[in-house]
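Each remark here refers to the structure printed beneath this line.
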Amino acid sequence: MTVTRSEFCVIACAEAWRGAGEILASPMGLIPSVGARLARLTFAPDLLLTDGEAMLVDVDGTVEGWLPYRQHLALVTGGRRHVMMGASQIDRFGNQNISCIGDWEKPKRQLLGVRGAPVNTLNNPTSYWIPKHSRRVFVEKVDMVCGVGYDHAAGARHHRIPRVVSDLGVFDFDTPDRSMRLASLHPGVTVEEVRDATGFALTIPDEVPSTREPTPTELRLIREVIDPDNRRAREVPEEARA
């Protein structure tokens, strides 16, 4: 059975919620959303999903309960939420920028703005999804800190960045100085490709494993139940791999 790069990315995102228990999953973006729903259907059945507003929902959108704003904030500030955000820039310590490119006082480009990134990162686990790995995104130092990295998070009780997933591989911060490490490569990707596409020195182990393949059941759920229209391929287009 063949597996596409986008499906390896779905699995890598889903793994962020393994063993999470009854917490709120807040995936931002198509592939993280498919990953969260896959986790709920398989190895993380207690995961809470929302409609993006005030309802708890099942994988198919069926309403399971009401999540008033005050309760949502209690989950966010109490470490019982795991959000997977995007990043216009991310640096070696996990600082994220979604606000502007260039000097803050006179930016070259205005982006989304800081939004909820500081609250997310300081109060609950936050992972990141980067659909196109490049030196423009993986930078030595972000132009503005929105999501807080390990070098700025002293004393934050619930701060944790479990993983960064890109179209090339999976990254974590399991190093003595909490800088970014290459944790796995998607099949067909080389260490040299990752190094060339990253604007800072990654920690690279002597042996880097491959991102795990989806099981036949997981692959069926991705293709037939969660994303039958194959929208994931628009985010990470690539031919299938054996």
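Structural remarks
- Rg and Dmax of the chain, Cα atoms only, in Å: 17.4, 52
- ³J(HN,Hα), Karplus 6.51/-1.76/1.60, whole Hz, each residue of region 88-103, x for Gly, Pro: 7, 9, 9, 10, 5, 9, x, 5, 10, 10, 10, 9, 7, 10, x, 4
- Summing +1 for each Lys or Arg and -1 for each Asp or Glu among the other residues whose beta-carbon sits under 15 angstrom from that of His158 gives +4.
- DSSP beta bridge pairing in the chain, given as percent antiparallel to the nearest 5: 55 percent
- Couplings 3J(HN,Hα) of region 67-77, computed from phi: 10, x, 4, 5, 6, 4, 5, 5, 5, 4, 7 Hz, in residue order, whole Hz [Karplus 6.51 cos²θ - 1.76 cosθ + 1.60, θ = phi - 60°; x for Gly and Pro].
- Region 50-200 - percent relative contact order, Cα under 8 Å, separation 6 or more: 22 percent
- Ordered from longest to shortest, the equivalent ellipsoid semi-axes for region 150-220 are 25, 18, 10 Å, each the square root of 5 times a Cα gyration tensor eigenvalue.
- Taking amide H as placed 1.01 Å from N in the peptide plane, Phe138 has its amide H under 5 Å from the amide H of Ile90, Gly199, each at least 5 places away in sequence or on another chain.
- Annotation: amide H of Gly149 within the under-5 Å range of Asn95, Gln96, sequence separation 5 or more or interchain, hydrogens built in the peptide plane.
- Share of carbon and sulfur in the accessible area of the chain stands at 49%, probe radius 1.4 Å.
- All-pairs Cα distance distribution in region 1-90, expressed in whole percent, bin size 10 Å: 17, 49, 28, 6, 1
- Kirkwood hydrodynamic radius computed over region 100-242 comes to 17.2 Å, based on all pairs of distinct alpha carbons.
- Computed 3J(HN,Hα) for region 113-128, one whole-Hz value per residue from the Karplus formula 6.51 cos²θ - 1.76 cosθ + 1.60 where θ = phi - 60°, is x, 5, 6, x, 4, x, 5, 4, 6, 7, 10, 7, x, 9, 10, 9, glycine and proline marked x.
- Measuring between their Cα centroids, region 144-222 and region 8-76 lie 21 Å from each other.
- Within the chain, helix-based [θ] at 222 nm, where runs of 4 or more DSSP H residues each add -39,500 (n - 2.57), nearest 500: -5500 deg cm²/dmol
The values are calculated or read from the model by the stated rules, or taken from the named source; none is laboratory data. Every value quoted in this text rests on a predicted model; they were computed, and no experiment measured them. Backbone-built Cβ (ideal geometry, glycine too); neighbour counts: all protein chains shown. Side chains included, ligands, DNA and RNA excluded: accessible areas come from the protein's heavy atoms. Shrake-Rupley method; radii C 1.70, N 1.55, O 1.52, S 1.80 Å.
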